[in-house]
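**Q** So that we are looking at the same thing, I have put the structure below in structure tokens.
The values are calculated or read from the model by the stated rules, or taken from the named source; none is laboratory data. Only a predicted model underlies this, so the values are computations on that prediction, with no experimental measurement involved. All Cβ positions, glycine included, derive from the backbone under ideal geometry; neighbour counts span all protein chains shown.
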Amino acid sequence: MRMQTPSANESPIFLRNPELDGYLKIVVRNILGIINITRRRRSEGRAMANFRNSRLTEALVITKPEVVVALVKSAKRPILVVGNEAVDTDMGNEKLIDYIIRLAETAHIPLVATAHIVGEFIKRSLPPTAWMPAVDIANRLQDSQWKGLDGMGQYDLALIIGLPCHMEWMLLSTLKHFALSLKTVSLDRFYRSNATWSFPNMSSKDWNENLEVILSKLGGK
């Protein structure tokens, strides 16, 4: 049997069999579709990688207390997370927990007590908005479906203070990578690289002065 040579108007791929011709066209169309999907996903992957890499930078340094004041005033839904070291940390004439109470009352920020310190707040006539382990509040803050302690929606700013160093490091690292719409501010006197904003390493005196300026500019005493 002689092979037929395709005419000038015929494709050398699709010769005489209409079924084969249609089948091959479908295959080619599907391959092209897969190529387009792959290209789009690669493009989306690069965009997501760039976005995530932007979260891998170290914390911005709070060079003056007015930075914290501006962050708190611009936040729509701030929250304050307090660790057990607030009970024993001295701030001149008071403990850190007493300062935190003044801050929460002045700025009207809901307060989450972690560890065993809920009783210390109750003793001082300010029961916290909630008590839970630090791991639990970290899980809730990264949950996009969580509507907050009051059911009114997600928080956009988390102030963290008084947690043990290793615990704060893990909490901030979790939020940094999985709570992408949340800004975190470490108010402790040592630099926390996983926060969005953090004080640099400071002396107790400078730290106390910065915290008092924050309170004063938010309207406290």
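**Q** Can you pull out every residue in the stretch 92-147 that is of a type in the set (D, E, K, R) and farther than 27 Å from Phe178 by Cα?
**A** First, pick out the residues of the stretch 92-147 that are of a type in the set (D, E, K, R): 94-95, 98, 102, 105, 120, 123-124, 136, 140, 143, 147.
Once the filter is applied, which keeps residues that are of a type in the set (D, E, K, R) and farther than 27 Å from Phe178 by Cα, the stretch 92-147 yields Glu94, Lys95, Asp98, Arg102, Glu105, Glu120, Lys123, Arg124.
**Q** I need a count of the residues in the stretch 190-213 that are more than 21 Å from Arg102 (Cα to Cα) and among the aliphatic types (A, V, I, L, M). Even if it seems obvious, please write down each step before you answer.
**A** If we filter the stretch 190-213 for residues that are more than 21 Å from Arg102 (Cα to Cα), which is where we start, we get 190-197, 200-203.
So of that shortlist, the ones also among the aliphatic types (A, V, I, L, M) come out as 195, 202.
Number satisfying all stated conditions: 2.
**Q** Suppose we keep only residues that are aliphatic (A, V, I, L, M) and outside any loop (DSSP other than H, G, I, E, B) within the stretch 198-221. Which one would you say is surrounded by the fewest Cβ atoms within 10 Å (Cβ to Cβ)? Give the derivation first.
**A** Just the residues of the stretch 198-221 that are aliphatic (A, V, I, L, M), to begin with: 202, 211, 213-215, 218.
This time we only want the ones that are outside any loop (DSSP other than H, G, I, E, B), so: 211, 213-215.
Details: Leu211: 22, Val213: 15, Ile214: 24, Leu215: 18.
Filtering the stretch 198-221 for residues that are aliphatic (A, V, I, L, M) and outside any loop (DSSP other than H, G, I, E, B), the one surrounded by the fewest Cβ atoms within 10 Å (Cβ to Cβ) comes out as Val213.
**Q** Within the bounds of the stretch 69-76, is there any residue that is under 19 Å from the mean Cα position of the chain (by Cα), assigned to a loop (DSSP other than H, G, I, E, B) and at pLDDT 95 or above?
**A** Step one: filter the stretch 69-76 for residues under 19 Å from the mean Cα position of the chain (by Cα), giving 70-76.
Checking which are assigned to a loop (DSSP other than H, G, I, E, B) leaves us with 75-76.
When the remaining residues are screened for being at pLDDT 95 or above, the result is 75-76.
Yes.
**Q** Quick one: Ser186 ticks every box in (1) surrounded by 21 or more Cβ atoms within 10 Å (Cβ to Cβ); (2) at pLDDT below 95; (3) small (Gly, Ala, Ser) except a single one, so which number is it?
**A** Among (1) surrounded by 21 or more Cβ atoms within 10 Å (Cβ to Cβ); (2) at pLDDT below 95; (3) small (Gly, Ala, Ser), the lone unmet condition for Ser186 is (2).
**Q** Here are some residues: Ser181, Ser216, Ser173. Which one is free of Cβ contacts under 8 Å to residues at least 24 places away in the same chain and more than 23 Å from Tyr99 (Cα to Cα)? Please lay out each step first, then the result.
**A** Details: Ser181 fails: free of Cβ contacts under 8 Å to residues at least 24 places away in the same chain; Ser216 fails: more than 23 Å from Tyr99 (Cα to Cα).
Only one candidate passes the filter, namely Ser173.
**Q** Being of a type outside the set (S, T, N, Q), crowded, with 18+ Cβ neighbours inside 10 Å and in a loop (DSSP other than H, G, I, E, B) narrows it down to one of Ile109, Ile137, Ile160, so name that one. Give the steps one after another, and end with the answer.
**A** Working: Ile137 fails: in a loop (DSSP other than H, G, I, E, B); Ile160 fails: in a loop (DSSP other than H, G, I, E, B).
Being of a type outside the set (S, T, N, Q), crowded, with 18+ Cβ neighbours inside 10 Å and in a loop (DSSP other than H, G, I, E, B) holds for just one of Ile109, Ile137, Ile160, which is Ile109.
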